[in-house]
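A short write-up of the structure that comes next.
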Amino acid sequence: MFNLILFGPPGSGKGTQSEKLIARYGFKHLSTGDILRNEIRNGTALGLEAKSLMDQGQLVPDAVVIGMIRTALDQNPDVNGFLFDGFPRTNAQADALDALLAEKHTAIGVVLALQVSKSELIKRLLNRGLTSGRSDDVNEAVIGSRIEEYERKTAAVADHYKKLNKVVYVPGEGSVDEIFAHLSDQIDSRQ
Ligand code: B4P
């Protein structure tokens, strides 16, 4: 089993590249953002709680997303590997993920960290907001809060995995196919 984390700030291309990676490698895609948006669409209590936080650009509580990931891991016992997209976003989430994978006698193989400048992130998210219908993409102040949350709480997750020698930085600017080629090279060299 080979598990990877696609890591980076909001708008760095995690969702975009995940689609291509699951098509090529057959990973099971686990995007906490997608799971949360699905809960919102279905009008669940969890979705309602998440929506108000997401609309302000804040993170959803750790216990909520860790519970979601625990359920998803239990529901997929026979996959070749997981691609974690947008998770973990805090050190508490990273500790929980390591423990959940250890229970299943597996671990994170590599953390691929996309590097994109702040101005490019803002440009991409505002651009996506024109068509995505995502309320967290239309307002520059909310986009700013999401980037601040990343700097305050999520950037440290890279340090957690650096101590384990698992982080590889990949340029996140350029064409989608160029970036995909860099990511694929990293995966191919480990499988
Ligand atoms: P996510 O759904 O994870 O969304 P994201 O960070 O905004 O998006 P992503 O990085 O995947 O977007 P992409 O670059 O692909 O999170 C949304 C919210 O959910 C969070 O703010 C938080 O509230 C909550 N949440 C999620 N997970 C959580 C967790 N674990 N803990 C707590 N809260 C959590 O796409 C951006 C745009 O860039 C697209 O329009 C794309 O077309 C474009 N793009 C991509 N690559 C490009 C390229 N190479 N060149 C030009 N444009 C490109």
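The values are calculated or read from the model by the stated rules, or taken from the named source; none is laboratory data. All figures in this text were calculated on a predicted structure; none of them were measured in a lab. For neighbour counting, all protein chains shown are included, and Cβ atoms are generated from backbone atoms with ideal geometry for every residue, glycine included.
Filtered by the rule that a residue be outside any helix (DSSP H, G or I) and at pLDDT 95 or above, segment 80-99 gives GLY81, PHE82, LEU83, PHE84, ASP85, GLY86, PHE87, PRO88, ARG89, THR90. Among the helices (runs of 4 or more DSSP H) confined to segment 1-78, the ones with at least 3 residues that are under 11 Å from the mean Cα position of the chain (by Cα) and under 24 Å from GLN186 (Cα atoms) are located at 14-25. Of the residues examined, ASN139 is one that is polar (S, T, N, Q), farther than 30 Å from THR71 by Cα and either touching a Ser or Thr at 6+ places or on another chain (Cβ under 6 Å) or within 13 Å of the ligand (Cβ to nearest atom) (or both). For GLY174, the test of being surrounded by fewer than 19 Cβ atoms within 10 Å (Cβ to Cβ), assigned to a loop (DSSP other than H, G, I, E, B), near the ligand (Cβ under 8 Å from one of its atoms) and more than 17 Å from the chain's Cα centre (by Cα) is passed. Scanning segment 13-60 for residues that are under 22 Å from LEU73 (Cα atoms), within 11 Å of the ligand (Cβ to nearest atom) and hydrophobic (A, V, I, L, M, F, W, C) yields LEU30, ILE35, LEU36, ILE40, ALA50, LEU59, VAL60.
For segment 97-120, enumerate the residues that are over 15 Å from the mean Cα position of the chain (by Cα) and either in contact (Cβ under 8 Å) with a residue 12 or more places away in the chain or crowded, with 21+ Cβ neighbours inside 10 Å (or both). Those that are over 15 Å from the mean Cα position of the chain (by Cα) and either in contact (Cβ under 8 Å) with a residue 12 or more places away in the chain or crowded, with 21+ Cβ neighbours inside 10 Å (or both): LEU100, LEU101, LYS104, THR106, ALA107, GLY109, SER117, LYS118, GLU120.
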